[in-house]
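Novice: There's a structure below that I have some questions on.
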Amino acid sequence: MLALTRELCMSKSTGFSSGATLLSAAALAIVIGGMALNAAAQSVAPTASGGWLVDAARNSETEAARVFIAHGADVDHFRSGDGTPLIVAAAKGDIAMVRLLLEQDANVNKPAAGDGNPLIAAAAHGHTEVVDYLIAQGADVNAIVVDDETALINAAREGHLETVRHLVARGADVNLAVRVDLRSGGTELRSPLSQAHRNRHHDVSAFLISQGARR
């Protein structure tokens with residue numbers, strides 16, 4: 001099977017170039033395996049790993065992701081340090097992958113402590129288009145995730161003014177604060193304004209104050 005996969009990856013007739021990634025090769029192997037099983041009239045198809053789908057999202061391998069999903073990969077698979085495929089795609093700002101995953105019923109609000117949720121991931125990286133799309137698809141704009149606060153707090157901390165504006169326009173609470181445990185001990189109350197102020201994002205602070213934010 002591996003030898004056949006390598007040969008086909010080098011063939012123009014497959015649509016994969018000689019520089020195809022390992023993920024693309026894995027996807028192709030699944031397709032080939034499925035064809036072989038069909039030819040043998042067997043009822044069990046190859047099953048793709050959810051971890052492969054996380055990797056596909058990380059590498060923007062949309063077509064490989066389609067194959068993995070079609071062969072049973074869990075669209076909400078969690079991997080520590082990455083979160084879910086949707087969280088990974090949102091953090092990258094990969095709107096095509098985000099759309100694909102949501103079309104395949106990925107949970108738009110699934111949290112992953114330490115990795116946030118899809119909206120938090122997109123907001124923290126200033127991917128406003130993805131933020132808008134996730135909210136339109138049902139993302140909770142004020143969702144709190146342990147160790148990751150809210151989408152607005154993250155966007156304000158990183159100084160993404162446009163993203164902050166869009167979140168507020170779509171119902172984000174400018175005064176929603178979250179108490180977090182500090183690694184050094186004790187706790188800290190974090191709000192959008194406190195995080196913008198701490199990181200000297202004065203334009204973000206001014207906007208939040210204009211929207212009624214308090215320290």
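The values are calculated or read from the model by the stated rules, or taken from the named source; none is laboratory data. Source: prediction; values computed, not measured. Because the Cβ atoms are built from the backbone with ideal geometry, glycine has one as well, and the counts that use them run over all protein chains shown.
Novice: Hey, could you check the stretch 119-175 for residues that are of a type in the set (S, T, N, Q) and part of a loop (DSSP other than H, G, I, E, B) and say which is farthest from Gln195 (Cα to Cα)?
Specialist: Residue satisfying both the conditions and the ranking: Gln137.
A quick yes/no check of all residues on (1) under 21 Å from the mean Cα position of the chain (by Cα); (2) not small (Gly, Ala, Ser):
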residue	(1), (2)
Gly159	yes, no
Glu162	yes, yes
Arg170	yes, yes
Gly186	no, no
Leu189	no, yes
His202	no, yes
Ser210	no, no
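Novice: Shifting gears a bit: Among the candidates Val145, Val174, single out the residue that is over 15 Å from the mean Cα position of the chain (by Cα), β-branched (Val, Ile, Thr) and surrounded by 16 or more Cβ atoms within 10 Å (Cβ to Cβ).
Specialist: Testing whether each residue is over 15 Å from the mean Cα position of the chain (by Cα), β-branched (Val, Ile, Thr) and surrounded by 16 or more Cβ atoms within 10 Å (Cβ to Cβ) leaves just Val174.
Novice: Restricting the search to the stretch 176-187, which residues are among the charged types (D, E, K, R) and part of a loop (DSSP other than H, G, I, E, B)?
Specialist: Passing the criteria: only Arg183.
Novice: Identify all residues within the stretch 177-197 that are surrounded by fewer than 22 Cβ atoms within 10 Å (Cβ to Cβ) and within 19 Å of Pro118 (Cα to Cα); write none if there are none.
Specialist: Val178
Novice: Here is a follow-up. (1) surrounded by fewer than 24 Cβ atoms within 10 Å (Cβ to Cβ); (2) over 29 Å from Gly171 (Cα atoms); (3) in contact with a strand residue (DSSP E or B) (Cβ under 7 Å, 6 or more places away or on another chain): which one isn't true of Pro111, the others all being true?
Specialist: (2)
Novice: For the stretch 193-215, which positions are among the small types (Gly, Ala, Ser) and assigned to a helix (DSSP H, G or I)?
Specialist: Passing the criteria: Ser194, Ala196, Ser205, Ala206, Ser210.
Novice: Can I ask one more? Can you tell me which residue among Ala122, Ala206, Ala139 is more than 30 Å from Asp94 (Cβ to Cβ) and modelled with pLDDT of 95 or more?
Specialist: Just a single option satisfies the conditions, and that option is Ala206.
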